[in-house]
Every structure is written in C-alpha cells, then in structure tokens.
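Here's the structure, in structure tokens; my notes come after.
The values are calculated or read from the model by the stated rules, or taken from the named source; none is laboratory data. Given the structure is predicted, the values throughout are model-derived calculations rather than measurements. Cβ: placed from backbone, ideal geometry, glycine included. Neighbour counts: every protein chain shown. Calculation scope for accessible area: heavy atoms of the full protein, side chains included, ligands and nucleic acids excluded. Shrake-Rupley method; radii C 1.70, N 1.55, O 1.52, S 1.80 Å.
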Amino acid sequence: MCAPTHAATVLILGDSLSAGYGMSEDQGWVQLLRNELPQNNIVNGSVSGETTAGGLRRLPNLLESSQPDLVVIELGGNDGLRGFPPNQLKLNLTKIIEISTAHGAKVLLTEIMVPPNYGPRYSKSFTQTYHQLAEEYNIKLIPFFMQKIATDTNLMQRDGIHPNEQAQASITQWMLPWITQELSD
C-alpha cells in the first residue's frame with residue numbers, strides 16, 4: 001500500500017454502521033481509521049437511522065464545512081430496512097455521487113445488502129443498484145463490510161443488526177486499503 005503524499009480530508013457519509021451505534025464514538029471504526037491515518041482529516045458525517053434521502057439533504061453542508069478530497073458513501077441500509085424502492089435508492093445515491101464529484105471530491109461507494117427475509121427479488125435489485133452506480137460512474141465499490149460480521153453473533157450487538165465493539169477493528173482493516181488506495185491514486 002502506498003501512503004498518500006499529502007494530508008487529505010475524507011468524509012464518511014453513513015448511517016449507524018459508521019456512526020458507532022451502541023458504543024462511544026471513540027470505539028467505532030471511523031475513529032480507529034483516524035488512528036490508522038493520523039496525517040489525514042477523517043470527518044464522520046454519519047448519523048444513526050440515516051437514509052439516502054437524509055444523507056442527500058445533509059451533504060451540501062458537509063461538503064462546504066469539510067471540503068473533502070474523498071467521500072465514502074455508506075448509506076442505504078435504512079432505506080432497505082424500511083422497504084424503500086430500489087429506484088428511489090438509486091436516485092438518491094446518484095445525486096450524492098454527482099454532488100460530491102461536482103464539489104471536486106473522489107467517491108467510494110460501499111455496497112449495502114439487506115437481510116434475506118426481504119425476499120430474493122428485492123434483495124437482488126437492492127444490491128444491484130450499488131453495482132450499477134459503480135459501473136455508471138466509474139467509481140470503486142467496496143464489498144459490504146458486514147457480510148462476515150453479521151453471521152458471527154460474537155461480533156454483533158443484541159439487536160442482530162449492528163456490529164459490536166469487537167467488530168470495529170475488522171471493519172477498519174476492511175475499509176483501510178480501499179481508502180488509502182483511493183487517496184494515493
């Protein structure tokens with residue numbers, strides 16, 4: 001891995017998975033990422049319960065205040081849990097990508113998956129949205145970091161939805177090479 005040659009600002013635009021739901025902020029993966037990349041400014045613009053529509057509403061202020069070089073989009077889980085249509089998910093994520101790139105930031109998109117009980121047609125359409133956007137906008141798609149964690153009860157909180165403190169280091173190590181690669185490109 002190549003380290004970036006200059007200090008960069010990275011905006012994490014996410015939901016509870018990135019906001020550190022159920023733990024103190026300093027235990028979450030975004031803080032652990034800050035510890036791994038102390039030369040960079042890592043801004044956590046994540047809010048528990050956030051949907052893509054909410055992220056889209058908050059994005060202009062976050063871009064203005066942080067002036068990021070890179071925006072990491074980790075949104076959609078709450079859209080899926082609420083059964084929002086994939087076309088609405090795609091529309092909101094499209095706008096987030098376009099606004100971020102128009103602001104001069106690179107974009108990384110994190111794949112999100114919904115639980116299998118939402119049915120195969122909805123789950124497939126939901127997940128395909130991320131792959132389509134990555135291809136359409138020629139951006140990297142980070143595979144869903146919860147895939148292995150969600151099936152390990154030792155890494156999950158009691159609600160069965162959120163990763164616990166023990167999972168945060170794994171998430172950090174999953175995300176780190178994607179972010180450092182994008183910053184060095």
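Magnitude of the charge dipole for the chain, about its Cα centre and with charges confined to Cβ atoms of Lys, Arg (+1) and Asp, Glu (-1), is about 440 debye.
Roughly to the nearest percent, how much of the accessible area of the chain is carbon and sulfur, given a 1.4 Å probe?
Working: 4610 of 8870 Å².
Ligands and nucleic acids excluded, carbon and sulfur reach 52 percent.
Each principal axis of the Cα cloud of region 62-107 was taken in turn, and the coordinate range along them, longest first, works out to 33, 15, 14 Å.
Helix-only mean residue ellipticity at 222 nm, the chain, DSSP H runs n ≥ 4 weighted -39,500 (n - 2.57), per residue, nearest 500. What is it?
Working: 7 runs with 86 residues, N = 185.
One gets -14500 deg cm²/dmol as the mean residue ellipticity at 222 nm.
Distant-in-sequence amide contacts of Met156, defined by a placed amide H-H separation under 5 Å and a gap of 5 or more residues or a different chain, comprise Asn164.
The alpha-carbon atoms of the chain define a convex hull whose volume equals 108 cubic angstrom per residue.
Taking the chain as the region of interest, the number of lysine pairs whose Cα atoms are within less than 21 Å, with members eight or more places apart or on different chains, is 9.
Counting only protein heavy atoms and a 1.4 Å probe, region 96-175 has 55 square angstrom of accessible area per residue. Between region 156-185 and region 75-142, the alpha-carbon centres lie 18 Å apart.
Selection among Gly54, Pro115, Asn40 by position relative to the dipole of the chain gives Pro115 as farthest towards the positive end (Cβ unit charges, Cα centre).
Local charge sum around Val107 (other residues, Cβ-Cβ under 9 Å, Lys/Arg +1, Asp/Glu -1)? Don't skip to the end; give the middle numbers.
Numbers: positive: Lys106, Lys140; negative: Glu182.
Around Val107, the charge tally is +1.
Sequence-distant contacts, meaning Cα pairs under 8 Å at least 6 residues apart, place the relative contact order of region 1-108 at 32 percent.
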